[in-house]
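Nothing in this text is a laboratory measurement; each read-out follows from the coordinates by a stated rule. All of these numbers come straight from a predicted model, not from anything done at the bench. Glycine also receives a Cβ, built like all others from the backbone with ideal geometry; neighbour counts cover every protein chain displayed.
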Ligand code: NAD
């Protein structure tokens, strides 16, 4: 299988373009799935404090024997930990659960604008970054207006923006904004998310493209993400699918295939709106 390509973040750090997402995976299953992913060449793992499975990721990292500097481990700060001191404590708790002494990427999970603490939270992330305990910092679910505020009030431009993004919600304007500001976009719900992926994977356009390229519909969608320059983190708990999702770098979609997939955009989110999402 060809190697996973990398993107270079705005601070020079290299990030694999494909990883395993571990949302909704219980601890034990997480350790097993991450081990399967490592065996299949994955090096990027996307977890979060809120997923309550950072220990499982850490267990698989230790078992793997893969040199730490070949891995790219992301975690995220939960909403309950907004605020400068809380953010630093939240970061330290994640490190401890993972059993690591540094992270590759740490994200603010949601902007929670109604609480108004995103700026001081970001300053907490800037501090752990300056202390050399994380190689890059970024945000998740921030809209351009939320990022603008950070740019005005803080020092460091986020390296990554992780957002809902899939063929029916292609986030054209946000991608353009991120590109103009040197921010790498990473897609969550890349296959439409649990409960929606079935419908997406059976669309005739995708099943036809799958036939044309001798691939599966899931592989077609993941290749669409990577050819758009996005980082993608599909989730699966099935070894066959974990392998299948990794095996997308031995073919290329044509420009017209990419345009046809992008034309599936409805502009409608499947997940929560970051302006109103206030999970505790
Ligand atoms: P996803 O789009 O990766 O879809 C997962 C669904 O697709 C699962 O039901 C899975 O069984 C199915 N699937 C996976 N591979 C398949 C294949 N080859 N063939 C057929 N079906 C397949 O959705 P997700 O897990 O919600 O998102 C991916 C990752 O993004 C998460 O695990 C998490 O790491 C991250 N995420 C982040 C946020 C955020 O707020 N930052 C929110 C949601 C998810």
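Hey, what number do you get for the chain at 222 nm if only DSSP H runs of n ≥ 4 count, each worth -39500 (n - 2.57), divided across all residues, to the nearest 500?
So the calculated ellipticity at 222 nm is -12000 deg cm²/dmol.
With a Förster radius of 25 Å applied to the C-beta separation of residue 280 and residue 8, the computed FRET efficiency comes to 0.10.
Taking Cα atoms only, the orientation of helix 144-153 departs from the longest principal axis of the chain by about 30 degrees. Rounded to the nearest 5, what % of the DSSP beta bridges within the chain are antiparallel ones? In the chain, approximately 15 percent of DSSP beta bridges are antiparallel ones.
Could you calculate the FRET efficiency of residue 241 with residue 269 from 1/(1 + (r/R0)^6), where r is the beta carbon distance between them and R0 is 30 Å, rounded to 0.05? Write down the numbers at each step before the final one.
On the way: r = 24 Å, r/R0 = 0.82.
The value I calculate is 0.75.
Multiply the residue separation of residue 227 and residue 40 by 0.36 nm, subtract the distance between their alpha-carbon atoms, and state the gained length in nm to one decimal.
Numbers: separation 187, 0.36 × 187 = 67.32 nm, distance 2.09 nm.
Extra length from residue 227 to residue 40 when fully extended: 65.2 nm.
In whole angstrom, the chain maps to an equivalent ellipsoid with semi-axes of 29, 23, 16, each derived as √(5λ) from the alpha carbon gyration tensor and ordered largest first. Helix 118-130 and the longest principal axis of the C-alpha atoms of the chain enclose an angle of approximately 90°. The residues 163, 73, when put in order of fewest to most other Cβ atoms within 10 Å, stand as 163, 73. One chain, two ends: residue 93 and residue 127. Fully extended at 0.36 nm per residue, the span grows by 10.7 nm beyond their Cα-Cα distance.
The ranking of 34, 7, 134 by Cβ neighbour count inside 10 Å, starting from the fewest, reads 7, 134, 34.
Would you mind getting me the FRET efficiency between residue 32 and residue 155? Use the beta-carbon distance for r and R0 = 41 Å, nearest 0.05.
On the way: r = 41 Å, r/R0 = 0.99.
E between residue 32 and residue 155, to the nearest 0.05, is 0.50.
Cβ crowding within 10 Å ranks 268, 185 as 268, 185, fewest other Cβ atoms first.
Note on residue 173 and residue 207: the extension gain reaches 9.5 nm, defined as 0.36 nm multiplied by sequence separation minus the Cα-Cα distance.
Normalised by 2.2 N^0.38 Å, where N is the number of residues, the C-alpha radius of gyration of the range 5-116 stands at 1.06.
Relative to the longest principal axis of the Cα atoms of the chain, the long axis of helix 84-98 makes an angle of roughly 60 degrees.
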